[in-house]
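What follows is one structure encoded as structure tokens, with my remarks underneath.
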Amino acid sequence: MPNMIEKTEKRDGENGEIQDNNIICNKSINRCEMILSMEDTISTEDNYILGICGTQSEPEFRICAALSDYTCVVYNVGDQLSKILKLDHNTSPIVGVKFCHGSKNILYTATKHGSITACDLRAKGKPVAELKDNSSEGKLKPLASFDISCDDRLVAAGTEHIGGDAFILFWDIRFNNSKFDSKNNLLGGYWESHMDDVTSLAFHCEKDNVLASGSTDGLINIFDLTQTTEDSALNYSLNTESSVNEDPDSCYLVKMNKSEAIDHSFLLIGSSTMKGENLSGVTVNSDGMEICYDFIGNKQIVRDSWLHSKSGCMITGGESSILNLWKQSPESLSIPRHSERKSIAKSNGKARDKHRTKPY
């Protein structure tokens with residue numbers, strides 16, 4: 001966690017606005033092509049893919065796409081993209097979908113209406129638990145985001161700004177004998193750290209008691225959940241001083257991605273032009289941004305993405321209701337990665353030094 005905090009502090013005060021003149025092209029990282037491997041049109045109606053999640057299982061894995069008509073579609077991904085289930089129990093807009101870290105059969109969906117539902121895919125997607133907060137006058141708080149801790153113990157949900165407060169709510173989702181208890185289990189919440197909608201929550205990938213939150217109030221907060229009060233739990237707060245304005249070039253950000261198959265993090269970005277919908281991956285450094293991936297054949301405005309860590313496969317979905325699976329082109333895979341090139345250069349240097357004759 002200290003490393004993450006140091007990086008957060010270093011970026012404090014930097015301009016987060018994306019400008020075309022900040023996108024640079026040099027040869028520090030090879031520019032690779034991501035080619036379309038599989039594709040499926042989920043709906044022929046006016047229906048968006050709003051969110052995507054997946055499991056990190058091998059060799060086959062599962063993905064779920066959340067749609068604007070409140071439904072979710074689950075796929076098996078192997079040699080083919082196979083649709084296995086459609087969930088239609090939600091009655092309000094979906095704000096997030098997540099698989100249980102320890103099981104590919106448990107899927108969580110959070111809705112704007114104020115509830116989080118756990119579904120068992122082995123039972124045809126039957127809801128087996130519902131988490132909600134109706135402690136205040138019987139009214140549910142509208143949700144805007146949620147996440148699950150790495151040990152599958154806690155669920156955290158961020159709410160919209162309501163009644164003068166924006167909440168981060170917590171539930172204990174531990175269960176015995178592989179069966180969920182159909183009860184609330186609300187542990188409590190925070191409501192003093194944000195002044196507007198809590199639009200993003202992310203647990204640390206290894207430390208189950210560390211949570212980061214982001215809000216439209218411009219604050220990014222990091223909490224230590226082992227502390228007994230909200231004030232003591234708030235370890236770091238970064239004011240991005242961000243503002244929303246119109247981009248004349250119709251550029252948009254999708255998601256930051258990182259996997260074991262790729263030796264650097266990259267930001268997925270898109271833009272709409274007269275020629276079509278462009279999609280690229282860029283690395284971010286102190287000099288600006290550098291394009292590292294070109295997604296060839298994208299046909300839609302992308303709303304979300306998900307990356308399979310071991311294989312490096314990228315799943316995207318968007319406003320044309322198309323689910324795409326991308327893989328690096330064979331030519332790109334034959335090029336040594338950036339870290340490998342450093343190792344080769346270092347070893348070659350040692351070999352040259354070994355055979356170099358001394359002048360005296």
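Values in this text are rule-based calculations from the coordinates and carry no lab data. A quick note: this is a predicted structure, and the numbers were derived from the prediction, not measured. Backbone-built Cβ (ideal geometry, glycine too); neighbour counts: all protein chains shown.
Taking the number of other C-beta atoms within 10 Å as the exposure measure, put Glu45, Glu39 in order starting with the fewest. Could the numbers behind the result be given before it?
On the way: Glu45 9, Glu39 13.
Ordered from fewest to most neighbouring Cβ atoms within 10 Å, Glu45, Glu39 come out as Glu45, Glu39.
Of the options Val95, Cys119, His194, report the single residue whose Cα projects farthest towards the positive end of the charge dipole of region 89-244 (beta-carbon charges: Lys, Arg +1; Asp, Glu -1).
Cys119
With the crude spin-label approximation of a point 7 Å out along Cα→Cβ, what separation in nm comes out for Ser82 versus Lys255?
2.4
So which of Lys86/Lys207; Lys83/Lys132; Lys98/Lys132; Lys126/Lys327 end up more than 24 Å apart by C-alpha?
The answer is Lys86/Lys207; Lys83/Lys132; Lys126/Lys327.
Using Cα centres only, tell me the gap between region 264-303 and region 95-152 in whole Å.
Going from one Cα centre to the other spans 31 Å.
To the nearest 0.05, what FRET efficiency results for Ile35 and Trp191 with a Förster distance of 45 Å applied to their C-beta separation? Intermediate results must be reported in sequence, preceding the final value.
On the way: r = 47 Å, r/R0 = 1.04.
For R0 = 45 Å, the calculated efficiency reads 0.45.
Figure the gain on full extension for Ser237 and Glu60 (residue separation times 0.36 nm, minus the Cα-Cα span) and round it to one decimal in nm.
Once the chain is fully extended between Ser237 and Glu60, it gains 59.8 nm.
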